[in-house]
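The values are calculated or read from the model by the stated rules, or taken from the named source; none is laboratory data. Everything numeric here is computed off the predicted structure, so don't read it as measured data. Neighbour counts are summed over all protein chains in view; Cβ atoms, including those assigned to glycine, are modelled from backbone coordinates with ideal geometry.
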Amino acid sequence: MGGTVTKPTGHSDTLTRGIRVRVGAQLVPSQSKPERRRWMYTYRVLVRNDGEETVQLLSRHWVILDADNDCQEVRGTGVVGQQPVLEPGESFSYMSGCPLPTEWGSMEGSYTMRTAAGETFEAEIGRFFLAPTTAPIPAA
């Protein structure tokens with residue numbers, strides 16, 4: 001089973017079957033246009049294999065909730081055009097972005113992972129917050 005720790009920073013740190021997923025987001029004021037109901041957030045994801053088996057990240061599933069309680073789901077192959085293979089102890093990080101029609105919201109979801117033996121499982125991405133008050137994204 002996975003476990004999520006949401007810290008006062010608004011970031012998340014989740015461990016599922018040896019796969020640790022850490023995510024933090026922050027507002028990008030220069031790309032936000034509140035008068036047009038657009039707030040742009042950037043987020044950094046670190047996926048680390050703390051387990052004992054080699055895994056490959058196959059796909060992603062995001063659930064994005066805005067302050068009006070409108071939900072959007074995003075599914076796709078890999079992340080940032082890649083399907084990284086992680087040996088035990090290895091990590092992969094990337095940055096991406098999410099526009100919102102409200103000033104704040106949240107994201108959570110999962111990555112579909114495949115072991116070297118061909119078994120698939122869902123690695124949880126714990127809820128993190130898209131809000132002007134979240135702590136700055138830590139360095140990768």
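Some points to look at:
- Selection status of Ser106, crowded, with 16+ Cβ neighbours inside 10 Å, closer than 25 Å to Ala135 by Cα, hydroxyl-bearing (Ser, Thr, Tyr) and touching a Phe, Trp or Tyr at 6+ places or on another chain (Cβ under 6 Å): yes
- The conditions of being at positive phi and either of a type in the set (Asp, Glu) or free of Cβ contacts under 8 Å to residues at least 12 places away in the same chain (or both) are met by Gly118.
- Selection status of Arg22, without any contact (Cβ under 8 Å) to a residue 60 or more places away in the chain and either of a type outside the set (Asp, Glu) or in a loop (DSSP other than H, G, I, E, B) (or both): yes
- Failed item in (1) of a type in the set (Gly, Ala, Ser); (2) closer than 18 Å to Thr9 by Cα; (3) touching a Gly at 6+ places or on another chain (Cβ under 7 Å), with Ala67 passing the rest: (2)
- Scope region 49-58; condition farther than 13 Å from Val21 by Cα and either surrounded by fewer than 18 Cβ atoms within 10 Å (Cβ to Cβ) or touching a Phe, Trp or Tyr at 6+ places or on another chain (Cβ under 7 Å) (or both); matching residues: Glu52, Glu53, Thr54, Gln56, Leu58
Residue-by-condition table, conditions (1) among the aliphatic types (A, V, I, L, M); (2) in contact (Cβ under 8 Å) with a residue 40 or more places away in the chain; (3) closer than 20 Å to Arg127 by Cα; (4) surrounded by fewer than 17 Cβ atoms within 10 Å (Cβ to Cβ):
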residue	(1), (2), (3), (4)
Ser30	no, no, no, yes
Arg36	no, no, no, yes
Val47	yes, yes, yes, no
Arg60	no, yes, yes, no
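- When we screen Leu86, Leu100 for residues that are modelled with pLDDT of 95 or more, within 15 Å of Val47 (Cα to Cα), crowded, with 18+ Cβ neighbours inside 10 Å and not small (Gly, Ala, Ser), the only hit is Leu86.
- Among the residues listed as Pro101, Pro88, the single one being out of contact with any Lys or Arg (no Cβ under 9 Å at 6 or more places or on another chain) and of a type outside the set (Ser, Thr, Tyr): Pro88
- Residues of region 77-98 that are within 13 Å of the chain's Cα centre (by Cα) and not in a loop (DSSP other than H, G, I, E, B): Val79, Phe92, Ser93, Tyr94, Met95, Ser96, Gly97, Cys98.
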